Amino acid sequence: MPLLFSVLTHIKPSHFSPSLSSKNRTSNSPTNSKQLKEKRKKEKRKQEYSFISLAYYMAPVQKSMVKSLPFPENVPIPTHFRCPISLDLMRDPVIASTGITYDRQSIEKWLEMGNKSCPATNQQITQDELIPNHALRRLIQDWCVTNRAMGIERIPTPRIPLNKIQASEILSEIASSSVRGDGVRCSALVTKLKALGKESERNKVCVTSCGGSQVLAAAFREFAGEGIEGTKLELLEEIMSALIFFSSLDKEARQYLNSPSCSKSIVSILNHGNLAGMINAVILLRKLVSSMDAEAINSFSKTSGLVEGLAKLVQRPISSQATKAALATIYYLISADERLCIKFTDLGLVSSLLEILIDCDKSMCEKALGVLEGLFSSDKGREIACQHALTVPVLIKKLLRVSDLATHFSVSAFWKLCKKGNCCVVEALQAGLFQKLLLLVQVGCNTVTKEKVTDLLKVLNSSRSSVECVESVDFRGIKRPF
């Protein structure tokens, strides 16, 4: 906080708002004293807002910078070596178009927050106009070396950020090497691109803005197809890893990856790839399926090994991230095509989901309940659920304890079991479902859930007089087997 107060006392409000300058305060002054007082109040509010905005920005920057100081705090730092924003020693000084030098981390964070002006001059600046101040950086490094005896460490020479021209050149080479079928060159360039993206978030954004996802998706399609193995499999895993790393998939990239050859290759990696490849494959599948329409999903679901591969990741988890992605993908598939419910049910997914629900976090619980509720759309799914001892107690436990989404899926699951399947009614009444639903009505829920709660209460009420309610079983001590 001392740094923050120091900033606020050294920077004038006029630097942040031209309307607060002395010229503006004296010009056009009203003769009426009431109007003058009102104008002064407005100016005072503007000053407060400027300081609040600056303080909001400064707090996280100071906290992160002070933690990583390469020297003792009691060492005096020359004023011209300090960043005007953080007041800390600059590690990567850059000059803005206004002639003011800032530390790159501070000014880029300022611009990322939506500010488009120089903090010192209030003139328009952009991130692309920031130029490294090599002369000042060398002076700072020399000062660090001179004061090494006082415990000061020399700041490392920063890497120059990737610009759009360099990113476009690399992407162009990836595209040309993939068209030529030069897998070795393509793999080396993709690895280089990922390494540059890992250096900074700015590099990552730069690659994405230059159409990185389109080029990588097109390269994946060029090498995809039947019988991928050996070096070709490794190349596709590397390209897929880069696609996941740069995260965004635009419309054109999705069109490349939705081709039959790409679908087969992704599913092949899902079933036969290494650990990282399997995780990346299921994440990529989730991204693709989430944007498909029903017709596209029906076509995509016919890919050989897709259903088996997704079920395997749920029943034999390799990571929490992969399991959640697999559940999300299954949910999209069965929501678009109810015939897939039978396939997943035949693979034993109902029992696996009930075991997962015994002990899982909120996100996993919501996804597992969503898939389970979807599987209950089939007669076979409801039949297996009614025969399973965990179905009713587990669903009741999740009814009010997780989230609104989990509540909706739990109610919908009971509605399909009790009304559509006409089963589990007695067991649900004995476990206290009727009382839980009454409580849910009092607490409140969305319209769709409320309609199903009303239907459930009518179904349960007809059998309520002949059934005695008992306490539900507590599963807190039960752990799901690995």
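The table below gives the values:
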read-out: Members of region 242-255 found to be outside any loop (DSSP other than H, G, I, E, B) and either more than 10 Å from LEU284 (Cβ to Cβ) or at pLDDT below 90 (or both), listed by number; value: ALA242, PHE245, LYS251, GLU252, ALA253, ARG254, GLN255
read-out: Members of region 339-358 that are under 15 Å from ARG316 (Cα atoms) and among the β-branched types (Val, Ile, Thr); value: VAL350, ILE356
read-out: Region 77-100: number of residues that are surrounded by 19 or more Cβ atoms within 10 Å (Cβ to Cβ) and at negative phi; value: 12
read-out: Check on LYS302, part of a helix (DSSP H, G or I) and basic (Lys, Arg); value: no
read-out: Test for ASN133: is it modelled with pLDDT of 85 or more, under 19 Å from SER200 (Cα atoms), of a type in the set (S, T, N, Q) and open to solvent by less than 70 Å² (accessible area, probe 1.4 Å); value: yes
read-out: Single residue of VAL402, VAL350 found to be within 21 Å of THR323 (Cα to Cα), modelled with pLDDT of 90 or more and of a type in the set (Val, Ile, Thr); value: VAL350
read-out: In region 86-109, the residues that are free of Cβ contacts under 8 Å to residues at least 60 places away in the same chain and within 29 Å of the chain's Cα centre (by Cα); value: ASP103, ARG104, GLN105, SER106, ILE107, LYS109
read-out: Residue within region 160-168 that is of a type outside the set (A, V, I, L, M) and under 28 Å from SER261 (Cβ atoms) present; value: yes
read-out: Residue within region 337-346 that is under 17 Å from LYS416 (Cα atoms), among the acidic types (Asp, Glu) and out of contact with any Ser or Thr (no Cβ under 9 Å at 6 or more places or on another chain) present; value: no
read-out: Residue within region 233-241 that is charged (D, E, K, R), farther than 30 Å from ILE342 by Cβ and open to solvent by less than 40 Å² (accessible area, probe 1.4 Å) present; value: yes
read-out: Neighbours by Cβ (under 7 Å, 6+ apart or cross-chain): first from region 185-201, without any contact (Cβ under 8 Å) to a residue 60 or more places away in the chain; second open to solvent by 30 Å² or more (accessible area, probe 1.4 Å); value: SER187/GLU238; LEU189/GLU173; VAL190/GLU238; THR191/GLU238; LYS194/PHE245; GLY197/LYS204; GLY197/PHE245; GLU199/ARG159
read-out: Sole exception among (1) modelled with pLDDT under 65; (2) outside any helix (DSSP H, G or I); (3) touching a Leu at 6+ places or on another chain (Cβ under 8 Å); (4) not β-branched (Val, Ile, Thr) for GLU43, by number; value: (2)
read-out: Those residues of region 338-388 which are without any contact (Cβ under 8 Å) to a residue 40 or more places away in the chain and of a type in the set (Val, Ile, Thr), in sequence order; value: ILE342, THR345, VAL350, ILE384
read-out: Members of region 280-317 found to be at pLDDT 90 or above and open to solvent by 30 Å² or more (accessible area, probe 1.4 Å), listed by number; value: ARG286, LYS287, GLU308, LYS312, GLN315, ARG316
read-out: Answer from LYS416, LYS343 - the residue that is modelled with pLDDT of 90 or more and more than 26 Å from ALA276 (Cβ to Cβ); value: LYS343
read-out: Residue ID - most open to solvent (accessible area, probe 1.4 Å), chosen from residues in region 194-232 that are closer than 11 Å to PHE245 by Cα and of a type in the set (S, T, N, Q); value: THR208
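Conditions tested, residue by residue: (1) surrounded by fewer than 23 Cβ atoms within 10 Å (Cβ to Cβ); (2) assigned to a helix (DSSP H, G or I); (3) in contact with a Phe, Trp or Tyr (Cβ under 9 Å, 6 or more places away or on another chain).
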| position | (1), (2), (3) |
| --- | --- |
| ALA326 | no, yes, no |
| ILE330 | no, yes, yes |
| PHE344 | no, yes, no |
| GLU355 | yes, yes, no |
| GLY374 | no, yes, yes |
| GLY381 | no, yes, yes |
| ALA385 | no, yes, yes |
| VAL392 | no, yes, yes |
| LEU400 | yes, no, no |
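The values are calculated or read from the model by the stated rules, or taken from the named source; none is laboratory data. Because the structure is a prediction, the values reported are computed rather than measured. Don't worry about glycine lacking a Cβ; one is built from the backbone with ideal geometry, like all the others, and counts go over all protein chains shown. Calculation scope for accessible area: heavy atoms of the full protein, side chains included, ligands and nucleic acids excluded. Shrake-Rupley method; radii C 1.70, N 1.55, O 1.52, S 1.80 Å.
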